[in-house]
Amino acid sequence: MPESPQTLTVPNDSVPVRLDIYITQHTSLSRSQIQKQIKAGLVTLNGKPTKPHHLVQPSNVIQLPSGMHI
């Protein structure tokens, strides 16, 4: 059975930060690996594909492919 996608919810007290940087801070992957995943459409923000430079806001939901470990 395939693993289900991982989900990160941005805490309400977070300051806006680039999506790729936020994910780098919460996974073991490099920023360039994350950027490739985002550009390939494998990472979504609030259910929609996005770009690495998008600023995440409090309560945003980031969905990561099952291979990314939080």
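Using a 1.4 angstrom probe, figure out how much accessible area the chain has per residue, in square angstrom, rounded to the nearest whole. Provide the component values of the computation, followed by the final result.
Values: 4390 Å² over 70 residues.
About 63 Å² of surface per residue is accessible.
Taken over the chain, the ratio of Cα radius of gyration to 2.2 N^0.38 Å equals 1.00. Helical runs assigned H by DSSP (4 residues or longer) give the chain a calculated mean residue ellipticity at 222 nm of -6500 deg cm²/dmol, each run adding -39500 (n - 2.57) before division by the residue total.
With the highest mean first, a sort of the peptides 33-44, 49-60, 6-17 on other beta-carbon atoms found within 10 angstrom per residue produces 33-44, 49-60, 6-17.
The relative contact order of the chain comes to 49 percent, based on Cα pairs under 8 Å that sit 6 or more residues apart.
The values are calculated or read from the model by the stated rules, or taken from the named source; none is laboratory data. Since the structure is predicted, the reported quantities are computational estimates derived from the model, not experimental observations. Quick reminder, even Gly has a Cβ in these numbers, built from the backbone with ideal geometry, and neighbours come from all protein chains shown. The protein model used for the area step is the full one, side chains on, heavy atoms only, and it has no ligands, DNA or RNA in it. Shrake-Rupley method; radii C 1.70, N 1.55, O 1.52, S 1.80 Å.
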